[in-house]
Protein chains: 4
Amino acid sequence: MNKKKSLPKNDILRDIQGEPDYRHINIDKVGVKDIRYPIVVLDKKNKFQHTIASISMYVDLPHQFKGTHMSRFIEILNEHRGEVTIKNFPDILKKMKKRFSASTAHLEVEFPYFMEKSAPVSKSKSLMEYKCKYTGILSDKKDFLLELMVPVLTLCPCSKEISERGAHNQRGLVKVSLRFEGFVWIEDIIKTIEESASSPVYSLLKRVDEKFITEHAYDNPMFVEDVVREVAVNLNKIKKVKWFRIEAENWESIHNHSAYAFLERKNS
Amino acid sequence: MNKKKSLPKNDILRDIQGEPDYRHINIDKVGVKDIRYPIVVLDKKNKFQHTIASISMYVDLPHQFKGTHMSRFIEILNEHRGEVTIKNFPDILKKMKKRFSASTAHLEVEFPYFMEKSAPVSKSKSLMEYKCKYTGILSDKKDFLLELMVPVLTLCPCSKEISERGAHNQRGLVKVSLRFEGFVWIEDIIKTIEESASSPVYSLLKRVDEKFITEHAYDNPMFVEDVVREVAVNLNKIKKVKWFRIEAENWESIHNHSAYAFLERKNS
Amino acid sequence: MNKKKSLPKNDILRDIQGEPDYRHINIDKVGVKDIRYPIVVLDKKNKFQHTIASISMYVDLPHQFKGTHMSRFIEILNEHRGEVTIKNFPDILKKMKKRFSASTAHLEVEFPYFMEKSAPVSKSKSLMEYKCKYTGILSDKKDFLLELMVPVLTLCPCSKEISERGAHNQRGLVKVSLRFEGFVWIEDIIKTIEESASSPVYSLLKRVDEKFITEHAYDNPMFVEDVVREVAVNLNKIKKVKWFRIEAENWESIHNHSAYAFLERKNS
Amino acid sequence: MNKKKSLPKNDILRDIQGEPDYRHINIDKVGVKDIRYPIVVLDKKNKFQHTIASISMYVDLPHQFKGTHMSRFIEILNEHRGEVTIKNFPDILKKMKKRFSASTAHLEVEFPYFMEKSAPVSKSKSLMEYKCKYTGILSDKKDFLLELMVPVLTLCPCSKEISERGAHNQRGLVKVSLRFEGFVWIEDIIKTIEESASSPVYSLLKRVDEKFITEHAYDNPMFVEDVVREVAVNLNKIKKVKWFRIEAENWESIHNHSAYAFLERKNS
């Protein structure tokens, strides 16, 4: 039905993506999104940790070209399957820029990260999951963001103050993005965040721990406003951190919606 | 490239779905899933309520036929666009059976339902969302399930007992499916569920309400185990209810996972 | 257990949120997130349309104050329950700024929007859902973004070119954010986006329509790169549109990940 | 404010969960839901594979007892952190029954599983993710279900037949649950499912592969009805498989909803 298609095609398959485009529109980012891949990341205690990432890889596309060769992203990923860490991120970005002759490369890697925690009194050990994300951009400049999502307990100062007994409390999520100089451990930032809420949360708690956390949270009531401010105060003390964005969300136990606070700041 | 395709095809398009299949395998359910549609449902206070549903419609397919005519489901839906209620559900199912010459028809309609609630002390009014689902099956028998998802507050009896001050509490979700005779109002079942937890939750609460709820929850501590038992006790009192399945899930404020309880019972 | 708590508390409940804070940290945004509410929006054909929104409302909080009075957001929402439209958005934002004595107010309203579409040949009518979002910010300046998510069909130009028969195609999602002057209809922007892909998608298609769409898509192959460029070309023609951000994502039928393209541009 | 609370409490903390309940309601399942944990599973090619699971663990609770000791679930999980496989599943269930003095134990483990696949022509290797779930129940009987979710490509037979060129196709998801005797490899069931659709999908495809898949899918058109029947025919050939439930869902490229088929059968 289509003449050109009756020609032998297996020898040379036309490269449509490489052909010219005449709309004169540069594309900022083009690539593959949310590809799932097992990776190894650095771990402060055990040196490395196996995890599973959702990965997005983009480059810019100048207006002259019709398309991008998407399979090359996967090839680069395969070459680095063993390890995607804060340390080799720049190399992957460089390879992307080069392989695509691009002026900008973007790499986003999101993964669950596990830390062993000891319960506050019984010292029972268990693993807690934290969501992490690395975002790197390489053009003539380079940029790298570390993002962490840390579940915490928050207890409402207003509820405590006005009530004769008890105080509503709930799980909340603190999301922190930061830029830094040198190297920071995920573990240290998570600890900083957990100490900025009414209490950390744990996978395994015995009764003595539950008593401790209940009372500790009652003694440290915090609004979402307090949480973002405390995290800001504490990140300010880490000199390597140069910029941060903090979000706190409470899954309110008395409402069916969230309380939310947000701030973004250069480190002073 | 394909001879038959050069024939004029617009006059009579071949009906592939209606052709025979030779694998001798009946299909239990085939149809459309998760189509989104605005509908009107019954409302105890305002007579009717506009909402937006995710709808799935299936019929069985005897082994002789290759496929189903999917567009007919949408046509039936269009004919009932104005109203999908507990009352006209049997008519839609009958129409499905007839239009497809099927021996069984399945209809699932999931939608957010809003109720106006008054805060416990200030009586401030606001709207709360509850997720509802109707599931109907019509063969030579008929079956209808009503499912409701109700957010509640639960306060931990253990934490209260062992702690010198405070008690951890959290938002939880109670999911109830039930079969009944005659007619039941969504509103009445929701009220029954909300009264079976440490406290209902609300969209709008003033300080006097927050004080009341905090203290009321502290005075009514409940495990997920207590919640499913209380709901069971209370549903048992509603004579129209003939069968129920109850799930309670707590988004624990001290953990990053849920506590969960489940029971299923014929009404005695 | 706490002296102050034995005082009569019901007459005057202390306002913790209004008390001073000494950390000297301004909060950029604080408020309620993802509250669900039924609203009415403008509709080009039927004047208005009932839908259900997820709403977030934030204000800034100066460093002197400890917290925000979250219930006021819900009160403002209640006062406007009848209607949240492009036209009265500025009024709600003004009310937020005033009620909170804030210097900036943020309002985000996300909702499903339905349009009646006619199938291309049979002209059979059905409803299609599009996700919409309004985002408004009012400080000393004002900003308003309209965001639309439009499902489309894309057919791969490379697959078509290199294959002797067929071409892989898939559902994709085009997400467009735009700033504009005056007033634009959601319907017009959606139409512009749908015309920029290999084909629109529909809820109800008869066989004649399915034939038409299959052939039409085959005749209009498009990469994600083509889609964002076509949308850009077409939005450029709408003089009211002053700025746009376009994302196209293909749920590739030959992969388990997405192809993605993104561009952001001031209108020239 | 509460007399009993001024007593020294740290020495012996009261065990509320172990106290009696008087509502005479047995609970079918109670435990922890969706706890995230890194595990190791069996791998046909590499012997074992690191992955990350969402785990739910439940036991029944007789009517005499008020609650369950949730922390014991996590302790059991910790003892088996190294390995959760089809082979040691019965041991974990036995331990749960014993530790809780329960008559029934339930264990659900859901995890992403990766397989290396070779592209059909270029033989380029890449990893593909499949979602897997193990569900085990141990009472006086034992039951084990293996569930696999396999993305595939489906091409519409009707669209191909009625159209002069092209045919709409899309990614779909096939979900298979099965009971079996002896031992089956995940890899073998996945292969069986992939061969029952118009084509498998891949992470990495070169142009020669894309041509092959496009043409292969065009030559093997399948409705969702065909997919569930083909999977049924092929599972019937595996003698170890004793029961199966098959669901196929197409994310239709011409619609914004899914086509769906379902069947459940004992193996004959």
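The values are calculated or read from the model by the stated rules, or taken from the named source; none is laboratory data. Computed from a predicted structure; not experimentally measured. Glycine gets a Cβ as well: all are built from the backbone with ideal geometry, and neighbour counts include every protein chain shown.
Quick check on segment B:259-268: of everything there that is touching a helix residue (DSSP H, G or I) at 6+ places or on another chain (Cβ under 9 Å) and surrounded by fewer than 21 Cβ atoms within 10 Å (Cβ to Cβ), which residue is modelled with the highest pLDDT?
B:Arg265
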In segment D:169-210, the residues that are within 14 Å of another protein chain (Cβ to nearest Cβ), touching a residue at least 60 places away in the same chain (Cβ under 8 Å) and assigned to a helix (DSSP H, G or I): D:Ile190, D:Val208, D:Asp209
Test B:Lys98 against the stated conditions and say whether it is farther than 30 Å from C:Asn78 by Cα and out of contact with any strand residue (DSSP E or B) (no Cβ under 6 Å at 6 or more places or on another chain). yes
Could you list, in sequence order, the residues of segment B:129-141 that are part of a strand (DSSP E or B) and over 14 Å from B:Lys95 (Cα atoms)? B:Glu129, B:Tyr130, B:Lys131, B:Cys132, B:Lys133, B:Tyr134, B:Thr135
Within segment A:83-105, identify whether any single residue is surrounded by fewer than 21 Cβ atoms within 10 Å (Cβ to Cβ), touching a Pro at 6+ places or on another chain (Cβ under 9 Å) and outside any loop (DSSP other than H, G, I, E, B), and answer yes or no. no
Search result, residues across segment D:150-160 that are without any contact (Cβ under 8 Å) to a residue 60 or more places away in the chain and more than 7 Å from chain C (Cβ to nearest Cβ): D:Val150
Residue among D:Val208, D:Val174 that alone is assigned by TED's automatic domain parsing to the domain that holds D:Lys237, closer than 16 Å to D:Val152 by Cβ and among the aliphatic types (A, V, I, L, M): D:Val174
Just give me the residues in segment B:238-260 being polar (S, T, N, Q) and assigned to a strand (DSSP E or B), in sequence order. B:Asn250, B:Ser258
Taking the criterion of being within 14 Å of chain D (Cβ to nearest Cβ) and either free of Cβ contacts under 8 Å to residues at least 24 places away in the same chain or of a type in the set (Lys, Arg) (or both), would at least one residue in segment C:125-133 satisfy it? yes
Filtering segment B:26-59 for residues that are more than 30 Å from B:Ser101 (Cβ to Cβ) and outside any strand (DSSP E or B) leaves a count of 3
Within segment A:117-138, identify whether any single residue is over 30 Å from A:Glu195 (Cβ atoms), at pLDDT 95 or above and surrounded by fewer than 21 Cβ atoms within 10 Å (Cβ to Cβ), and answer yes or no. yes
Tell me which of these C:Thr51 doesn't satisfy, since it passes every other one: (1) without any contact (Cβ under 8 Å) to a residue 24 or more places away in the chain; (2) within 22 Å of C:Trp185 (Cβ to Cβ). (1)
Report yes if B:Ile86 is under 23 Å from the mean Cα position of the chain (by Cα) and either in contact (Cβ under 8 Å) with a residue 60 or more places away in the chain or over 28 Å from B:Val184 (Cα atoms) (or both), otherwise no. yes
Of all residues in segment B:71-83, how many are without any contact (Cβ under 8 Å) to a residue 40 or more places away in the chain and not hydroxyl-bearing (Ser, Thr, Tyr)? 6
Taking interchain pairs and intrachain pairs at least six residues apart, which have beta carbon atoms under 8 angstrom, with the first residue in segment B:230-247 and of a type in the set (Gly, Ala, Ser) and modelled with pLDDT of 95 or more and the second in a strand (DSSP E or B) and surrounded by 21 or more Cβ atoms within 10 Å (Cβ to Cβ)? B:Ala232/B:Phe244; B:Ala232/B:Ile246; B:Ala232/B:Leu263
Checking A:Glu215, A:Glu147 in turn, the sole residue that is more than 9 Å from every other protein chain (Cβ to nearest Cβ) and either surrounded by fewer than 24 Cβ atoms within 10 Å (Cβ to Cβ) or not in a strand (DSSP E or B) (or both) turns out to be A:Glu147
Would segment B:229-242 turn up any residue that is buried (at least 22 other Cβ atoms within 10 Å of the Cβ) and under 13 Å from D:Tyr58 (Cβ atoms)? no
For segment D:233-264, name all the residues that are touching a strand residue (DSSP E or B) at 6+ places or on another chain (Cβ under 6 Å) and closer than 11 Å to D:Leu178 by Cβ. D:Leu235, D:Lys240, D:Val241, D:Lys242, D:Trp243, D:Phe244, D:Arg245, D:Ile246, D:Glu264
Could you say whether any residue in segment D:33-44 is in contact with an Asp or Glu (Cβ under 8 Å, 6 or more places away or on another chain), modelled with pLDDT of 95 or more and under 22 Å from D:Asp143 (Cα atoms)? yes
Kindly indicate whether any position in segment D:55-65 is over 23 Å from B:Arg265 (Cβ atoms) and either polar (S, T, N, Q) or touching a Lys or Arg at 6+ places or on another chain (Cβ under 9 Å) (or both). yes
Any residue that is within 24 Å of the chain's Cα centre (by Cα) and within 14 Å of B:His255 (Cβ to Cβ) - is there at least one of those in segment A:175-192? no
For segment B:214-268 the number of residues that are in contact with a Phe, Trp or Tyr (Cβ under 8 Å, 6 or more places away or on another chain), within 21 Å of A:Ile213 (Cβ to Cβ) and among the small types (Gly, Ala, Ser) is 2
Quick one: in segment A:25-70, which of the residues that are within 14 Å of chain D (Cβ to nearest Cβ) and among the aromatic types (Phe, Trp, Tyr) is nearest to C:Ile246 (Cα to Cα)? A:Tyr37
Could you tell me which of the residues A:Phe262, A:Phe223 is touching a residue at least 40 places away in the same chain (Cβ under 8 Å) and facing chain C (nearest Cβ under 7 Å)? A:Phe223
Assess whether C:Ile92 counts as being under 21 Å from C:Val150 (Cβ atoms) and in contact with a Leu (Cβ under 7 Å, 6 or more places away or on another chain). no
